[in-house]
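What follows draws every value from the coordinates through simple rules; no lab data is involved. This is a predicted model, so every value here is computed, not measured. Positions of Cβ are generated from backbone atoms using ideal geometry, with glycine treated the same way; all protein chains shown enter the neighbour counts.
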Amino acid sequence: MAHAHLKTAVPADKAELTESPKQLALSFTESLEPSFSKAELKNADGHIIPAGKPALDPKDKPTLIVPVSTTLDKGQYEVDWTALSVDGHKTQGKYTFTVK
């Protein structure tokens, strides 16, 4: 049985952006259970930034889309994600990006 590992992310790990992203897009190696998969966005102080409801990309089922509900200020942000693959295995991780 396989686990859903993070394959790619937009914004990418350690990315330096010139403007606030409108969404997070996390692509995994396996299809996800959307009800039990999520991504939280935190600022440098560890406070959670409000985000929209995560949903699977209808064109790419292993991709979780999370709308960013607010314009992010300049600074470093952390994405903490949890993914539950359709075979029932849970994985989690984190990465950072910066808005310049």
* Asked: Can you tell me which residue in segment 73-96 is farthest from P34 (Cα to Cα), limited to those that are of a type in the set (K, R) and in a strand (DSSP E or B)?
  -> K94
* For segment 53-72, name all the residues that are assigned to a loop (DSSP other than H, G, I, E, B) and over 20 Å from S20 (Cβ atoms). => P58, K59
* Which members of segment 35-65 meet the condition of being within 20 Å of A4 (Cα to Cα) and crowded, with 16+ Cβ neighbours inside 10 Å? -> S37, K38, A39, E40, L41, P54, L56, P62, T63, L64, I65
* Please state which of the following conditions V68 fails to meet, knowing it meets all the rest: (1) surrounded by fewer than 13 Cβ atoms within 10 Å (Cβ to Cβ); (2) within 19 Å of D13 (Cβ to Cβ). => (1)
* Residues (part of a strand (DSSP E or B) and either out of contact with any Phe, Trp or Tyr (no Cβ under 8 Å at 6 or more places or on another chain) or among the small types (G, A, S) (or both)) located in segment 9-52 -> A9, V10, A15, Q23, L24, A25, S27, F28, L32, A39, I48, A51
